[in-house]
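Structure first, commentary second.
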Amino acid sequence: MNKEHIKLSATAAKLWFGTKQVLKNVTVAFPENKITALIGPSGCGKSTLLRCFNRMHDLSPDARIEGKFLLEEQNLYKGNLTATAVRRRIGMVFQQANPFPKSIYEKINYGLKINDIPKHERPAIIENALKESYIWDEVKDDLQKPATKLSGGQQQRLCIARTVALRPEVILMDEPCSALDPISTSKVEELILKLKKDYTIVIVTHNMQQAQRIADKTVFMYLGEIIEAGDTHQLFNKPQQEMTGNYVKGHFG
Amino acid sequence: MIRKLTPVIEWGTLLLSTGLACFFLAIILWDLISKGAPSLSWEFISSSPTDGMTKGGILPAIIGTVLLTFITALVAAPFGICCAIYLNEYAVDNWLTRIIRASIRNLAGLPSIIYGLFGLALFVQGLQMGTSLLAAGLTLGLLSLPYIIITTEEALRRIPNRMREAALAVGATQLESIRDVVLPSALPGILTGLVLTLSRAAGETAPILFTGVAFYINKPAAYLNQEFMALPYHLYMLSTQHQAIEQVRPLAYGTALVLIIVVFFLNLSAFYIRYQHSKHE
């Protein structure tokens with residue numbers, strides 16, 4: 001087995017909200033073109049960890065971050081690298097679809113516009129992103145309609161399209177299916193699996209079946225620490241730690 | 001027995017309170033309309049007062065109030081909205097911002113006559129503007145400022161964080177996220193607060209009393225440095241200060257009715273904005 005290329009990593013990551021320490025010395029690595037699932041009970045810090053990577057905590061004045069966060073060799077918090085430049089390379093899909101109060105077309109166009117992508121290139125990029133997100137056939141005739149008219153699952157795939165339109169290297173997903181019905185969920189999962197060949201994906205999920213269906217790697221977190229990380233199959237079937245076994249079997253959490 | 005009666009009493013109390021409030025509102029409106037409507041005519045709203053206010057119309061007062069409200073909006077809206085954006089989107093939550101917020105809330109509770117005195121001291125005398133439309137507009141602008149800040153902040157707070165994050169996640173700066181996502185979403189709430197504040201300001205008498213309003217101007221105010229007539233003050237004069245109060249009473253009621261109608265239309269536009277927005281959601 002050849003060694004995987006590590007795309008994104010955190011070393012000795014610590015995070016405090018005010019005086020409350022949410023991440024305690026987290027070291028984790030996400031391999032390129034793989035799907036890694038972050039699992040663990042609510043409040044274990046998995047979303048907080050995810051949001052460190054695209055600097056979403058920058059706007060919370062009481063958040064204090066220590067440790068090294070790397071995208072390839074680039075330190076995400078060092079030097080004159082701006083948060084917007086980081087977010088350009090590390091996209092994010094949220095728990096609840098959060099369309100802008102705009103049309104479907106505008107929703108994707110907005111990201112292109114503020115990233116100064118030339119006007120004449122945008123229609124092709126938008127069409128491509130919608131196709132890549134397998135939603136083109138459903139919305140191609142309604143591009144000028146408000147995105148809020150779409151179903152929850154369609155909106156979530158649209159949010160993914162908005163993210164891939166910017167060609168990030170990594171896509172962070174924060175429980176993207178938790179507000180969706182099973183059919184929409186399976187469509188989004190299908191899409192995530194297809195995106196794997198072009199993107200490195202980190203997904204936070206509460207759904208054990210989902211982690212087993214789509215993730216190559218799984219990381220189990222508990223109370224701000226990583227308890228166990230490894231291949232999904234192994235972590236679910238032959239966990240090294242007793243706590244991991246109890247959690248994935250549903251004994252607590 | 002008591003358990004059975006409790007809901008009836010509760011329900012009855014609520015119904016009675018609502019009924020009572022509506023009852024008094026209806027009486028006031030009925031009184032105004034029945035006594036004011038006969039004076040309403042095209043001449044009443046299109047001509048100046050004549051014969052020592054006993055005849056003629058109230059055109060200068062209508063124009064004065066409209067111009068005054070316009071100046072108030074120009075002064076208060078930009079500052080108020082920007083201040084609210086700063087407080088809600090940028091300011092960190094520390095003792096300083098808490099003091100600022102508390103002060104704004106206290107200012108909103110200040111009696112309007114205090115603003116009048118302050119306007120007199122600062123604009124009329126301090127800045128040498130004299131009693132004028134500009135001084136009165138600035139004074140009313142100060143009065144409206146805290147309300148606009150509070151209502152705008154309220155509207156901004158209702159925008160969920162995930163909307164801001166959506167913009168940030170595609171690479172928008174904080175300013176871009178506010179400009180392109182937060183403000184457009186909060187606009188109906190901001191405009192509603194603005195219009196309601198202005199309709200309140202339009203009906204104020206005390207702040208303009210010392211700062212620029214006049215009993216009688218023979219031509220409509222058109223210059224910022226002139227004194228002007230305004231509906232609420234005109235009403236006050238006709239109903240308490242005129243030497244022939246009984247004679248001008250119908251005119252006073254007519255003026256009151258026009259003032260109510262102006263304010264009503266301002267409020268109506270606020271409801272219209274809300275309605276339009278809820279249709280789009």
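What follows draws every value from the coordinates through simple rules; no lab data is involved. Being a predicted model, the structure only gives us computed values, none of them experimental. No Cβ is skipped: glycine too gets one built from the backbone with ideal geometry, and neighbour counts run over all protein chains shown.
Residue-wise HN-Hα couplings along region A:7-20, as the Karplus relation 6.51 cos²θ - 1.76 cosθ + 1.60 with θ = phi - 60° gives them from phi, are 8, 9, 8, 10, 10, 6, 6, 10, 9, 10, 9, x, 9, 8 Hz; Gly and Pro carry x. Compared with the dominant Cα axis of chain B, that is its longest principal axis, helix B:183-202 is turned about 20°.
Say R0 is 56 Å: what FRET efficiency, to the nearest 0.05, do A:K238 and A:D142 get from their beta-carbon distance? Mind showing how you got there, number by number?
Working: r = 48 Å, r/R0 = 0.86.
The calculated FRET efficiency here is 0.70.
Calculated on the Cα set of region B:63-230, radius of gyration then Dmax: 18.2, 61 Å.
Out of the chymotrypsin sites (Phe, Trp or Tyr not before Pro) in region B:180-281, which ones are loop residues according to DSSP with at most 11 other C-beta atoms within 10 Å?
Numbers: sites: B:F210, B:F215, B:Y216, B:Y223, B:F228, B:Y233, B:Y236, B:Y253, B:F264, B:F265, B:F271, B:Y272, B:Y275; in loops: B:F210, B:F215, B:Y216, B:Y223.
Taking region B:180-281 and a limit of 11 other Cβ atoms within 10 Å, the loop chymotrypsin sites (Phe, Trp or Tyr not before Pro) found are B:Y223.
Using equal-weight Cα scatterers in the Debye expression, the normalised intensity of region B:177-281 in log10 at q = 0.16, 0.17 Å⁻¹ is -0.82, -0.87.
As a proxy for reagent exposure, ranking A:W136, B:W30 by other Cβ atoms within 10 Å from fewest up yields B:W30, A:W136.
Volume per residue, Å³, of the convex hull around the alpha-carbon atoms of region B:32-83? Working shown, then result.
Working: hull volume 5.5 nm³, N = 52.
Spread over its residues, the Cα hull of region B:32-83 gives 107 Å³ apiece.
Between helix A:104-114 and chain A there is an angle of about 70 degrees, using the helix long axis and the longest principal axis of the Cα atoms. The spacing between region A:211-253 and region B:213-270, judged by their C-alpha centroids, is 76 Å. Compactness of the protein assembly as shown was expressed as the Cα radius of gyration divided by 2.2 N^0.38 Å, which yields 1.31.
List the chymotrypsin sites (Phe, Trp or Tyr not before Pro) within region A:166-253 that fall in a DSSP loop (any state other than H, G, I, E or B) and whose Cβ has at most 14 other Cβ atoms within 10 Å.
Numbers: sites: A:Y199, A:F220, A:Y222, A:F236, A:Y247, A:F252; in loops: A:Y199, A:F252.
Sparse-neighbourhood loop chymotrypsin sites (Phe, Trp or Tyr not before Pro): A:F252.
Would you tell me the mean number of C-beta atoms belonging to other protein chains that fall within 10 Å of each C-beta in B:159-169, as a whole number? Mind showing how you got there, number by number?
Values: counts 1, 2, 3, 6, 4, 2, 8, 13, 5, 9, 17.
Neighbouring Cβ atoms belonging to other protein chains average 6 per residue here.
Neighbouring Cβ atoms from other chains, within 10 Å of the Cβ of residues in A:106-113, number 3 on average.
Let me check against my output: what whole-number percent is the relative contact order of chain B, with C-alpha pairs under 8 Å and at least 6 apart?
27 percent
For A:N33 and A:L193 in the same chain, what is the full-extension length gain: residue separation times 0.36 nm, less their Cα-Cα distance, in nm? Could the numbers behind the result be given before it?
Numbers: separation 160, 0.36 × 160 = 57.60 nm, distance 1.02 nm.
Residue separation times 0.36 nm, minus the Cα-Cα distance, leaves 56.6 nm.
Rounded to the nearest 10 degrees, the angle from helix B:59-85 to the longest Cα principal axis of chain B is 20 degrees.
Here's the picture: charge each Lys and Arg Cβ at +1 and each Asp and Glu Cβ at -1 in chain B, and of B:L266, B:F44, B:V181 the one pushed furthest to the positive end of that dipole is B:V181.
Three principal axis extents of chain A based on alpha-carbon atoms, in descending order, are 53, 43, 39 Å. Counting, for every residue in A:54-62, the Cβ atoms of other protein chains within 10 Å of its Cβ and taking the mean gives 3.
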